Amino acid sequence: MVPLITYLFQKSIENPFIDDDLVLIIGEITSATKIIAGKVRKASLLDVLGSAEKINVQGEVVQKLDELANDIITETLKCTGKACMLASEEVEDCLILSDSGYSIAFDPLDGSSNIDVNISIGTIFSIHKGDIKKSGREQIAAGYVIYGPSTMLVLAFRGFVSVFTLDPETGNFMLVEENLKMPEKGKIYSINEANYDKWESDGLRKFIDSLKEEKYTLRYVGSMVADVHRTLFKGGVFIYPSDIKNRNGKLRLLYEGSPMAFIVENAGGMAITGEKSILDVVPEELHQRVPVILGSKWEVEKCLKYLKNG
Ligand code: P6P
């Protein structure tokens, strides 16, 4: 098995865009996630559970671990000297560090409302060269770390997705799967059906009803990283749609929709807003939301037909 940094240098031979600065950035992001993993695993032993008694830019209650994870990643990336812009779910404005280099958009701890009940959560990141506010298709790399029964890194570049597992004994992310390709079709759908009547589209309701008729199973963790990770490996579809209250859904484009879409598309799946590929959405605002329909091609294409037919 190959450690992450060794793997990146090996891949850089046939992929010269994986330059030393990018290896450093990815290495430091994953170093930060190792520290976060340690805090998450000991959360109830430390005074890091519960609310930080603050509301973030999303209007959501900030968990102590959200804030801690954000600070760990921000300080780590600042120290590389190779990051030019940082955009965090937890911070209203972009942190401008220099006029050139890599920009990183990140959700430091996604699904944090699940922390107090010990359910898998994760860190999501998206890497651009230069300005962060570009379409997801222009990402240089994207990935997430899931703090589950094991701590795993899923890392995507254009054309290939690699999977690593953190070895607690050595502290290394070790390559466990290369060139991951998701199933063409699954048997699981993942959506918060409590919102069934609030979804904007009748076509979506008909699509979900059709999956039930085909005896699909519903799995919904309420933590995007966990739901996407299962979809990536088992196939099927994950949806967070627009509804009558949130016309663009709940998930954020820059550090949730775009990176997850980049990963899923490079693993052979599809990721759409309901009208077009999420990767073709050009951000206008830092924290703009985007409807997310992602997963195996079979289910996403079927969903698109129902949305078009209404
Ligand atoms: P709901 C977690 O708070 C999150 O941002 C995503 O990780 C998750 O997919 C979604 O919200 C869950 O939202 O409205 O179903 O609880």
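Entry comment: accessible area of the chain is 42 Å² per residue, from protein heavy atoms only and a probe of 1.4 Å.
In this rough spin-label picture, where each label sits 7 Å from Cα along the Cβ direction, the residue 10-residue 213 distance is 4.8 nm. Per-residue Karplus couplings for the range 205-210, computed as 6.51 cos²θ - 1.76 cosθ + 1.60 with θ equal to phi - 60°, are listed in order as 4, 5, 5, 4, 4, 5 Hz, Gly and Pro entered as x. FRET efficiency for the residue 99 to residue 184 pair, using the beta carbon distance and R₀ = 51 Å, is estimated at 0.70.
The stretch between residue 138 and residue 42, if pulled fully straight at 0.36 nm per residue, gains 30.8 nm over its current Cα-Cα span. Residues in the range 147-157 carry Karplus couplings, in order, of 8, x, x, 10, 8, 10, 10, 10, 10, 10, 10 Hz; the curve used is 6.51 cos²θ - 1.76 cosθ + 1.60 with θ = phi - 60°, and Gly or Pro positions show x.
For the range 188-309, the carbon plus sulfur part of the accessible surface works out to 45%, probe radius 1.4 Å. Quick one: putting +1 on the C-beta of Lys and Arg, -1 on the C-beta of Asp and Glu, what dipole do you get for the chain around its Cα centre, in Debye to the nearest 20? Value, rounded to 20: 980 debye. Cα-based radius of gyration for the range 188-309, normalised by 2.2 N^0.38 Å, reads 0.95.
Under the rule of at least 5 residues apart or a separate chain, name every residue whose amide H is placed under 5 Å from the amide H of residue 251. Amide H to amide H, under 5 Å and 5 or more residues apart or across chains, residue 251 pairs with 290.
Listed by chain and number, the lysines whose C-alpha is less than 16 Å from the C-alpha of residue 308, apart from same-chain residues fewer than 8 away, are 206, 276.
Normalised by residue number, the volume inside the convex hull of the Cα atoms of the range 4-177 is 114 Å³ per residue.
Relative to one another, the C-alpha centroids of the range 233-285 and the range 148-164 are positioned 18 Å apart. To the nearest ten degrees, helix 224-234 and the longest principal axis of the Cα atoms of the chain are 70 degrees apart.
Per residue, the chain reaches -10000 deg cm²/dmol at 222 nm when only DSSP H runs of four or more residues are counted, each adding -39500 (n - 2.57).
Within the same chain, aspartates and glutamates fewer than 8 places from residue 82 are excluded, and of the rest, those with a Cα less than 20 Å from its Cα are 19, 20, 21, 28, 71, 93, 99, 107, 131, 138.
Ellipsoid fit via the Cα gyration tensor, the chain: semi-axes of 29, 22, 20 Å, each the root of five times an eigenvalue, largest first. Going by alpha carbons, how many degrees (0 to 90, nearest 10) lie between the helix axis of 64-80 and the longest principal axis of the chain? With rounding to tens, the tilt is 50 degrees.
The values are calculated or read from the model by the stated rules, or taken from the named source; none is laboratory data. Worth saying up front: this structure is predicted, and the values here are computed from it rather than measured. Note that we place each Cβ from the backbone using ideal geometry, even for glycine, and neighbour counts take in every protein chain shown. Note: areas computed on protein heavy atoms with side chains; ligands, DNA, RNA excluded. Shrake-Rupley method; radii C 1.70, N 1.55, O 1.52, S 1.80 Å.
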